[in-house]
Amino acid sequence: MHDDTPTDEHARLILPRWRESPPGTHPPLDAPAYRSTALRHPRRQLDRLPQTLTEVTGPRFSFRRVEAGEEDLTAQHDGEPLGERIVVHGRVLDGDGRPVPETLVEIWQANAAGRYRHAGDRHPAPLDPHFTGVGRCITDAEGRYRFVTIKPGAYPWGNHHNAWRPAHIHFSLLGRAFTQRLVSQMYFPGDPLFAFDPIWGSVSDPRIRERMVSAFDLDQSLPGRALAYRWDIILRGPAATPIDPHHS
């Protein structure tokens, strides 16, 4: 338990407000083309449990537990990981465009060959001993986050015949308590697998799908080392970033 008490404003910003986003912004709990949702989506009406001060104020993580270097996934081991080095950066904003500071941003991803370092991943692609695929950082006063990592590879999955997931990075945002968690995915521009991916397609409005796609950013690239992509995360409102309810 941490002694800091979150402000009502911070709690208001990070908590999802599904009804404030236009229909089709967030994937439905039951998306038939995304076959595994049939095993996970609720079959009865949900009971809404309002969050009280207890859920908002604790238990919570301590910012001091996020150590320097966790945001650079290419420098977490003794050797260099294989693959294309990239910078992924952006801002976390509320629906009015205001920055959301001191928010924990976590990412996890496959390596350059399209394999996760996870016991459940049976994809016959090589593991990289120098790449774990997990990083964390805290947004600054302007809501900015930044990671250095490896561009993930596409990988097959069992959703349908010859199904492949587009290259993507999973994002998790935590507010001032573990009950305030949002999860989404960031994609890369121009991926030819978009049209065949039912997770991407579970967001029904094609204009809103584009909010999950990062933008190439040459200005923030590291000369001679890494290209950069920018992806801003808007928590709610008409321009909200799609949130994945299957992980939140």
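Quick look at the numbers
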| quantity | calculated |
| --- | --- |
| Pair list, Cβ under 8 Å, 6 or more apart: region 221-241 residue in contact (Cβ under 8 Å) with a residue 60 or more places away in the chain and on the phi > 0 side of the Ramachandran plot, other residue open to solvent by less than 20 Å² (accessible area, probe 1.4 Å) and of a type in the set (Gly, Ala, Ser) | Gly237/Ser21 |
| Residues (in contact with a helix residue (DSSP H, G or I) (Cβ under 9 Å, 6 or more places away or on another chain), surrounded by fewer than 19 Cβ atoms within 10 Å (Cβ to Cβ) and either among the charged types (D, E, K, R) or in contact (Cβ under 8 Å) with a residue 60 or more places away in the chain (or both)) located in region 162-172 | none |
| Residue that is under 22 Å from Phe188 (Cα atoms), assigned to a strand (DSSP E or B) and not aromatic (Phe, Trp, Tyr), where the choices are Arg91, Arg117 | Arg91 |
| Region 121-144 - residue that is touching a Gly at 6+ places or on another chain (Cβ under 8 Å) and among the charged types (D, E, K, R) and, of those, most open to solvent (accessible area, probe 1.4 Å) | Arg144 |
| Residue within region 65-88 that is closer than 22 Å to Ala167 by Cβ, in contact with a helix residue (DSSP H, G or I) (Cβ under 9 Å, 6 or more places away or on another chain) and at pLDDT 95 or above present | yes |
| Test: residue in region 190-204 that is in a loop (DSSP other than H, G, I, E, B), modelled with pLDDT under 95 and either open to solvent by 70 Å² or more (accessible area, probe 1.4 Å) or in contact with an Asp or Glu (Cβ under 7 Å, 6 or more places away or on another chain) (or both) | yes |
| One residue from Pro101, Pro124 being of a type outside the set (Val, Ile, Thr), in contact with a Ser or Thr (Cβ under 6 Å, 6 or more places away or on another chain) and outside any strand (DSSP E or B) | Pro101 |
| Qualifying residue in region 145-161 (condition: open to solvent by 50 Å² or more (accessible area, probe 1.4 Å) and β-branched (Val, Ile, Thr)) | no |
| Restricting region 180-189 to residues that are surrounded by 19 or more Cβ atoms within 10 Å (Cβ to Cβ) and more than 16 Å from Gly153 (Cβ to Cβ), the residue that is modelled with the highest pLDDT | Ser184 |
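The values are calculated or read from the model by the stated rules, or taken from the named source; none is laboratory data. In this text the structure is predicted, and so the values were computed from the model without any measurement. Here the Cβ is made from the backbone with ideal geometry for all residues, glycine too, and neighbour counts use every protein chain on show. Heavy atoms of the whole protein, side chains included, go into the accessibility calculation; ligands, DNA and RNA do not. Shrake-Rupley method; radii C 1.70, N 1.55, O 1.52, S 1.80 Å.
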